[in-house]
Amino acid sequence: MEQSTFTTATTDGPTPAERFDQLIAAGEKIEPRDWMPEAYRRTMIRQIAQHAHSEVIGQQPEGNWITRAPSLRRKAILVAKVQDEAGHGLYLYSACETLGISRDELNELLHQGRQKYSSIFNYPTLSWADVGAIGWLVDGAAIANQVALTRTSYGPYARAMVRICKEESFHQRQGFEIMMTLARGSEAQRDMAQDALNRWWWPSLAMLGPPDEQSTHTEQSMQWGIKVETNDEIRQKFVDQTVPQAQFLGLTLPDPALAWNEERGHWDFGEIDWDAFWEVVRGNGPCNRERLAHKVKAWEDGAWVREAALAHAAKQDGRGLAATA
Amino acid sequence: MNDLNDRTTTTTAAPVGGYPLWEVFVRARRGLNHVHAGSVHAPDADTALQHARDVYTRRAEGVSVWVVPSAAIVASDPDARDDWFEGSKPYRHPTFYTIPDEVGHL
C-alpha cells in the first residue's frame, strides 16, 4: 500500500516504541501501518502463517471421506465444511500479508517445511466416525483457542478470528450430531464412535500446545497481547466443556485419571504424552509426509492453471492484472 | 457496497473536465475494518486524502482514512445479484443441527 506523502507534522510525543507499548498496555489493537518491534512482526507472521497452513492442510483428513459420506445430507455438509476450511486459510493468509510477507513466500515456506501447521492434521481418518470426532473434538479445541484469539492484539488477525469463529460453530455441531447418531445406533456404530474418540482425544488436548512451563513463546506473547490465555488455561476450558458432552453420548474418554475436582471446580485429567506430541511436530507422525507431499503436488499440478490465467489476463485489454502491472 | 455497485453503471472514470473521483474508507477506531464512507473529487491522491479527512472525519469519526481511485474499483453486476448471492445453504448455519439442551454450549 502506498503511504501518502501528506502527513501531519507531529509535535514532540512518545517514540514509536513507547507508543506501541502504550497501545498494548491500553488493550488497543495494533494495525498494519503502526510501528511494531521486529520480533512482534516475526512472531505474528509465524503464528498467523501456522494457523493459515493448518486450515489448508486440515482439508485433507476430512476431504478423505467426502466421496464415502454415508448420505447425501452428510456429504453436502462435509463439502461445505471443507470449503470453509479453505476459506479460513485465505482469511488468514490475507491477514498475514498485511505484515509484509507475500502469499508466494508463505506457500514456499510451508512446502519447504520451514513453517509448520498444527500437529493434529498428521493423524489419519480411519473411519466415518473420525469425521464426527474431528468436528466435535478438533474443531471444539480449535474454537476454544480461536475464541481467545479474537482478543489478540493484532487487528487483522483478531478480525479474521471473529469471522472464523462465527463460521466454525456449525463445524462442531455437525460433528457432535454425527457422534450422537453413531452413539445411538447399532453396536458396531457405537464401537466405531468409541474407537474414534479413543484415537482423537489425546491429540486434541495436545494440539492446544505444550504446557505453559515448557512453552517457549507464551511469556513474550502474553506481554504483547498476542496470546490472552495460556495453553493450559484453554486446555482446561476445553476439557471442562467436553467431559459432560462425552457423558451425554454415553462414550468413555480414554483417561483413567479423569476426575471432577471439587476444590478447583475443574476436571482433573491425566498426563499428556508430550514425547509423542513432539515426535509428530518433528515430522514423524503417521501422516506428516503424506500431507505435505499432497499439498506440494496440488500446487505443482496447478501450475499450468495459474500460468493460463495470467496469460489470459495479459490478453485482456484494460482488465485483470494486465491493467495494473 | 450498494452505492458502489450502483455507481459503476454511471461513473467509473474521471468525469469529463473535472477532478477524478476517489472512494473514501474510514476506520472508526483501532480493531475495526476500514468501512466505505463515501467519495470525494480531487486532482491527486494527497488532495483526495486531505479532502476525505475534511469531509468525512470532522467529528473524530475515524483514526485512519483510505482513498482509492473510483475507477480502480471492480464491482459485481447489480443485475446478477440473485445468481451471485443465492440463498445460503441452511446446513452452513449452526441452527440447522438439533443438539439437546443438556449437552451445553456447542
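Throughout, read-outs are computed from the coordinates displayed, never taken from laboratory work. Here the structure is a predicted model, which is why all the values come from computation and not from measurement. In this analysis, Cβ positions are derived from the backbone assuming ideal geometry, glycine residues included, and neighbour counts consider all displayed protein chains.
Remarks
- Modelled spin labels at A:H312 and A:S215, positioned 7 Å past Cα toward Cβ, are 4.5 nm from each other.
- In units of the compact-protein estimate 2.2 N^0.38 Å, the range A:125-283 shows a Cα radius of gyration of 1.08.
- Long-range lysine pairs (8 or more apart or interchain), chain A, Cα under 21 Å: 10
- Net charge dipole size for the protein assembly as shown [Lys, Arg +1 and Asp, Glu -1 on Cβ; Debye, nearest 20]: 740
- Test item: B:99-106 mean partner chain Cβ contacts at 10 Å: 6
- Size-normalised alpha-carbon gyration radius of the range B:14-106, reference 2.2 N^0.38 Å: 1.67
- Folded to 0 to 90 degrees: helix A:187-206 orientation relative to chain A principal axis, Cα: 40
- Inter-chain Cβ neighbour average for residues B:38-46, partner chain, 10 Å: 1
- Chain A - percent relative contact order, Cα under 8 Å, separation 6 or more: 17
- Per-residue ellipticity at 222 nm computed for chain A from its helices equals -19500 deg cm²/dmol, with DSSP H segments shorter than 4 residues left out and the rest contributing -39,500 (n - 2.57).
- To the nearest ten degrees, helix A:16-25 and the longest principal axis of the Cα atoms of chain A are 30 degrees apart.
- The per residue volume of the convex hull around the alpha-carbon atoms of the protein assembly as shown is 186 Å³.
- The Kirkwood radius of the range A:1-118, taken over pairs of alpha-carbon atoms, gives through the Stokes-Einstein law at 25 °C and 0.890 mPa s a diffusion coefficient of 143 µm² s⁻¹.
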